[in-house]
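One structure is given here, and the rest of the page talks about it.
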Amino acid sequence: MKHIPIRLSLTLLLLPTMLWPTYGVAKEVKGVRVSLPFTQLREAPSAKSRSVALVYGNDLLAVQADRGDWFKVKTARDEIGWIAANQIQPGTGEQEPLRSSAKALDFATDMRTTGRNSQARESLFDVIRYFPNTREAYQATRDLLSYYPLEQLPEANGKEVEAEYLVKANRLVPDLLVLHGEDLLKEKRYAPAIKAFEEGRSRGADQARCTQGLHTAMVGNLRAAVESANGELITTALIAYKDYFPQKPLPRDLAEKLVPEVYVSGTQQPPAEAHPPLPAGPPLLKETKAAPFNIQGKQDK
């Protein structure tokens, strides 16, 4: 059945901002609730935009902007992103700072037992991100090792996990993130792959491997945007690529399709700065054959 986008008032009743991660504090919010078991918040109002966070069924989100089909929302963890109108319903109540670590792990387990392995892996990493150094984070790491058998972790006995076990588990997380990112690349899920490689790099994983993974994911993300012919997506993907790889040329086939307006005539010289400005509108899909250029606008000879 087709969902009709809902229109909501942008009037919000918020108590003072909560600092993450403050446990046990709630704030009263007029907003929307997630109507699906789980979904992703997007960086831009598009289903193909990069994922910035996972939200779960009945989570209450504060509304910051309303575009009809998409709503810009803020979670209790102060994450901000866009969610489709057909994934939410009106809601008011106390915005929980965090779902319990046990509930988060149960959700990941449900995803796994129902065969939704990609979502299960992402949910397990969420447990590790949001509940570090807990029994649930340790168990999530053990569960991830069933997908990526780097080594075995001993089973934790009792409510507390021994410190040496936690240290060992935390040491494995960066490599698990890289392996997860490489799996996401195979699935052509470029946005979550970017997130996995970013986090792996920040946690100390092999830098060269992360950089290669990020480049592959960024190029794939840009190809998907070009194939969609969506100007907003193309602009977002191109800016992201330039931010990460200002000196690295675009692949030739993309360079032949994407020509910033300032270089279309072929008579203007590229600006000296590393980040030349994009045109006000979306990048132009080239209509006539022109010499390919790199990301700084220099003509390839």
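Table for the structure above
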{"quantity": "Gly68, sole failed condition from (1) of a type in the set (Gly, Ala, Ser); (2) surrounded by fewer than 20 Cβ atoms within 10 Å (Cβ to Cβ); (3) assigned by TED's automatic domain parsing to the domain that holds Arg171", "calculated": "(3)"}
{"quantity": "Residue list for segment 42-69, restricted to those being part of a strand (DSSP E or B) and among the small types (Gly, Ala, Ser)", "calculated": "Ser51, Ala53, Ala62, Ala65"}
{"quantity": "Helices (runs of 4 or more DSSP H) contained entirely in segment 158-260, each with at least 2 residues that are polar (S, T, N, Q) and over 27 Å from Thr141 (Cα atoms)", "calculated": "207-228, 231-244"}
{"quantity": "Residue count for segment 215-233, restricted to those that are surrounded by fewer than 22 Cβ atoms within 10 Å (Cβ to Cβ) and at negative phi", "calculated": "12"}
{"quantity": "Residue in segment 158-174 that is within 18 Å of the chain's Cα centre (by Cα) and not hydroxyl-bearing (Ser, Thr, Tyr) present", "calculated": "yes"}
{"quantity": "Residue, farthest from Ala76 (Cα to Cα), within segment 115-124, restricted to residues that are crowded, with 24+ Cβ neighbours inside 10 Å and of a type outside the set (A, V, I, L, M)", "calculated": "Arg121"}
{"quantity": "The lone exception for Glu187 - which of (1) closer than 21 Å to Arg209 by Cα; (2) buried (at least 19 other Cβ atoms within 10 Å of the Cβ); (3) not aromatic (Phe, Trp, Tyr) it fails", "calculated": "(2)"}
{"quantity": "Test: residue in segment 31-39 that is without any contact (Cβ under 8 Å) to a residue 60 or more places away in the chain, surrounded by 18 or more Cβ atoms within 10 Å (Cβ to Cβ) and within 19 Å of Pro192 (Cβ to Cβ)", "calculated": "yes"}
{"quantity": "So Glu136, is it part of a loop (DSSP other than H, G, I, E, B) and of a type in the set (Asp, Glu)", "calculated": "no"}
{"quantity": "Some residue of segment 79-96 being more than 19 Å from the chain's Cα centre (by Cα), at pLDDT below 85 and assigned to a helix (DSSP H, G or I)", "calculated": "no"}
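The values are calculated or read from the model by the stated rules, or taken from the named source; none is laboratory data. Bear in mind that the values here come from a model prediction, so they are computed numbers and not experimental data. Ideal geometry is used to build each Cβ from the backbone, glycine not excepted, and the neighbour counts take in all protein chains shown.
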